Amino acid sequence: MAILVNPKTRLLIQGITGAFGTRHTQLSLAYGTQVVAGVTPGKGGQLFENKVPIFDTVAEAVRQTGATASAIFVRPAFAADAILEGVDAGLDLVVCITEGIPVNDMVRVKRAMEGKKTRLVGPNCPGVVTPGEGKDSTGGCRIGIAPGYIHKKGNIGVVSRSGTLTYEAVWQLTCRGVGQSTCVGIGGDPVNGSSHLDVIKMFNDDPETHGIIMIGEIGGSAEEDAAEWIQRHCQKPVAGFIAGATAPPGRRMGHAGAIVSGGKGTAAAKIAAFKAAGIGVAPTPSEMAETLLKMMGR
Amino acid sequence: MNLHEYQAKQLLAQYGVAVPAGDVCSTPEAARTIAENLLSRGATLLAVKSQIHAGGRGKGTFNTGFQGGVKLCKTADDVFEKARAMLGNVLVTKQTGPEGRLVSKLLIAVAPHIHKELYLAVLLDRASSRPVLMASTEGGMDIEEVAARTPEKILKETIDPAVGLMPYQARKLAAGLGLQGDLIGQAVKLLSGVYKAWWESDAALLEINPLCIVTAGDAKQGLLAVDAKLSLDDNGLERHPDLLAMRDLAEESPLEVEASKFSLNYIKLEGDIACLVNGAGLAMATMDIIQHFGGRPANFLDVGGGASKEQVSAAFKIILQDPNVRGILVNIFGGIMDCNVIATGIVAAVKETGLKLPLVVRLEGNNVEAGKKTLAESGLTIIGGTSMADAAQKVVRAVAAGSKP
């Protein structure tokens, strides 16, 4: 089961011929992911690495290959257009890796996606991984830029705004012999496609997921919203960590969305919301896996 | 990126928003000329306003002891004197920190006869992913305090980005602010101009505090943006070369400007343990874990996902320019990035800078064994950390040991 994607998911890559897109398409192919198409306007008809057909439009790629998900590796200025092209082509899932998209572009994208069936993950995110059964978790579905080998197939769901902090949590689990159902990086921008709560709900409904690690950071109130729902509805143990307790107010900490402004979005408020909701709070980022496993009696 | 008040007002004026007549200058002589010009056109009271990227200017103090970064004057001579007292001196306000900011520009503007002060802002509402227009009758005050004490005095209109601000929404806000008669029409025009300025310049925050009801010469009432603050979305700057040209590097920390040249994200903090990390989330978490074990982080530094040897070297040089730094923690989770490249960069940087401070390195991920070997065989005193917690404890201990007399 897992969520969002599985080893059979047919993936297309928007921006497959750029340096970044090329590198990560190669890694996804090596991981065993079903990369069935690439899209680069003007390069339709060519083959990527002698095996993946390239199309001029997403619609054509979908028609010819039956792709249902896409990963976006295009420059920030073209990302909003790329997302909506994926939506228009009727994809189930669009994962936007691109960092640096103007916020107002995402405001318009979100508005345009209302009522559409496509789910967006990102932007400014590491992507989605459902680990496979093979060596170093190969044979799974890797969309984006996460290192595949740190994963292990299993039953813990991981959702996070930050890339490297996701890897940290995944690695802590894998080193303890505990695998993951799906790992989702929702991205560090103030306007994104899927929230912590959207992903938590999917994990709650997924029989393969037995426990959840939720990693948040300063800024906004998405973690508080998720915590409130978890308290009322979540049937699975959730442990979490909030990054940015030491961040000075009013400063953007790398991620466009990681900012305490007007006294709102502090780590203290988010940690308090986690605790009130019965979410296990890791005292340090080194103890994310341990905190969850303790709650699960392991 | 932030703009100065005078730049924000220039932008607002282009969108038909009324702002007090005035001009910017950088010498007392020029201040006098602007003042003479405004007085000759009928102004009776002028404001001399320090242009720095920080609030609380009016109640600030200069390093010379001169009180107030905003002064009211009736004559050109007085404007000249006040300008001389401000220009070239450092103004300390509650938002600048003790180091203050050098005042090199002044806005000389007509000080209107104010009937009432209101508050107006446009910003992103993250919960709805839509812009929101905020207004309040409590102008000229700290709006966060107003929101905390009397939330009912904050009016909000969420804007549908598909249609923009509709006139009825502007009328609702105008009514909520208690505006009547002619002022309602003026408010609709002003609000739509303010919203358009925000949207079209890819702004993060546009704040007009105070927005004033003023009595003009003909005794008619009008709306005037007496102060303005504009922060831009850095991601949108690429398509606004005109706004990017307004960047004032003097307002930014020199180390942060230097870091940005190498695509490094650096923010200086007050502590003594420097950190060098890949990824924003992990960088924040590294600061947190240093504090958890009793240390104080000296900076936030994200070298990004694909750091090169050159970037690591530049990062070391930048963190070592902070005189407070007494120890360094490198925390790299090299998922895709090769740990050995990072290790080679660290060794080169340590040799190049002749580093004497304790250095703890935690490497994890791709090609980590080769990376650890490179560090071990370098002949340098580099303390290895097996996990984030282990590395943080080691650097905190090393710095504490180093500070004993």
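Per-structure values
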quantity	calculated
Backbone N under 14 Å from the B:Thr381 label point (7 Å along Cα→Cβ), restricted to segment B:355-375	B:355-360
Ranked packing of B:85-97, A:31-43, most packed first, by mean Cβ within 10 Å	A:31-43, B:85-97
FRET efficiency for A:Asn6 and B:Lys189, using Cβ-Cβ distance with R0 set to 45 Å, rounded to 0.05	0.20
Solution diffusion estimate, µm²/s, Stokes-Einstein, segment A:152-295, Kirkwood Rh from C-alpha pairs, 20 °C, viscosity 1.002 mPa s	145
Stokes-Einstein diffusion coefficient of chain A, Kirkwood radius over Cα pairs, 10 °C, 1.306 mPa s, in µm²/s	83
Exceeding the 22 Å Cα-Cα cut-off - candidates A:Lys43/A:Lys117; B:Lys156/B:Lys196; A:Lys110/B:Lys172; B:Lys71/B:Lys94; B:Lys189/B:Lys229	A:Lys43/A:Lys117; A:Lys110/B:Lys172
Cα→Cβ-extended label distance, 7 Å offset, between A:Met296 and B:Asp338, nm	3.6
Neighbour-count order for A:Val74, B:Val110, fewest beta carbons within 10 angstrom listed first	B:Val110, A:Val74
Label point distance in nm, B:Thr158-B:Leu244, each placed 7 Å from Cα along Cα→Cβ	3.4
Sorted by Cβ density within 10 Å, fewest first, the residues A:Met296, A:Met253, A:Met1	A:Met1, A:Met296, A:Met253
All lysines inside 20 Å of A:Lys275 as judged from Cα atoms, apart from same-chain residues fewer than 8 positions distant	A:Lys201, A:Lys236, A:Lys264, A:Lys294
Spatial extent of the protein assembly as shown: Rg and Dmax, with the Cα atoms as the point set, Å	27.2, 83
Extension gain (nm, one decimal) between B:Glu29 and B:Lys351, 0.36 nm per residue minus Cα-Cα	110.7 nm
0 to 90° range, to nearest 10: angle between helix B:339-353 axis and chain B longest Cα axis	80
Amide proton proximity set for A:Gly154, modelled H, under 5 Å, gap of 5+	A:Gln180, A:Ser181
Using θ = phi - 60° and Karplus 6.51 cos²θ - 1.76 cosθ + 1.60, couplings along segment A:266-282 (whole Hz; Gly, Pro as x)	6, 4, 4, 5, 6, 5, 4, 5, 4, 4, 5, 8, x, 7, x, 9, 5
Average partner coverage of B:300-312, which counts Cβ from other chains inside 10 Å	2
R0 of 51 Å, Cβ-Cβ distance B:Lys74-A:Asp81: FRET efficiency to nearest 0.05	0.35
Built amide H within the under 5 Å cut-off of A:Glu217, gap 5+	A:Ala243
Cα centroid of segment A:30-67 to Cα centroid of segment B:119-149, whole Å	47
Lysines with Cα under 19 Å of A:Lys135, excluding same-chain neighbours fewer than 8 positions away	A:Lys8, A:Lys152, A:Lys153
Within-15-Å neighbourhood charge of A:Arg298 [Cβ basis; K, R +1; D, E -1]	+2
Mean Cβ count within 10 Å, highest first, over the residues of peptides B:15-21, A:212-218	A:212-218, B:15-21
Sequence-distant residues sharing a close amide H with A:Ser70 (under 5 Å, placed H)	A:Leu12, A:Leu93, A:Val94, A:Val95
Overall form of segment B:120-203 per C-alpha gyration tensor (a/c, 1.5; a/b vs b/c)	oblate
Estimated FRET transfer efficiency when R0 is 56 angstrom, pair B:Ser104-A:Glu49 (beta carbons, to 0.05)	0.50
Alpha-carbon radius of gyration plus Dmax, which is the widest Cα pair, for chain B in Å	25.9, 83
Per-residue ³J(HN,Hα) for segment A:175-191, Karplus 6.51 cos²θ - 1.76 cosθ + 1.60, θ = phi - 60°, Hz, x for Gly and Pro	5, 8, x, 9, x, 10, 6, 8, 10, 10, x, 8, x, x, 8, x, 10
20 °C / 1.002 mPa s Stokes-Einstein diffusion coefficient of segment B:286-325, Kirkwood radius on C-alpha pairs, µm²/s	188
Loop-located trypsin sites (Lys or Arg not before Pro) in segment A:97-159, at most 15 other Cβ atoms within 10 Å (DSSP)	A:Lys116, A:Lys117
Ordering of B:376-385, B:306-315 by packing [mean C-beta count within 10 Å, highest first]	B:306-315, B:376-385
Alpha carbon centroid spacing (whole Å) that separates segment A:132-170 from segment B:214-239	49
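None of the figures in this text is laboratory data; all of them are computed from the coordinates on show. Because the structure is predicted, anything quoted here is derived from the model rather than measured. Glycine also receives a Cβ, built like all others from the backbone with ideal geometry; neighbour counts cover every protein chain displayed.
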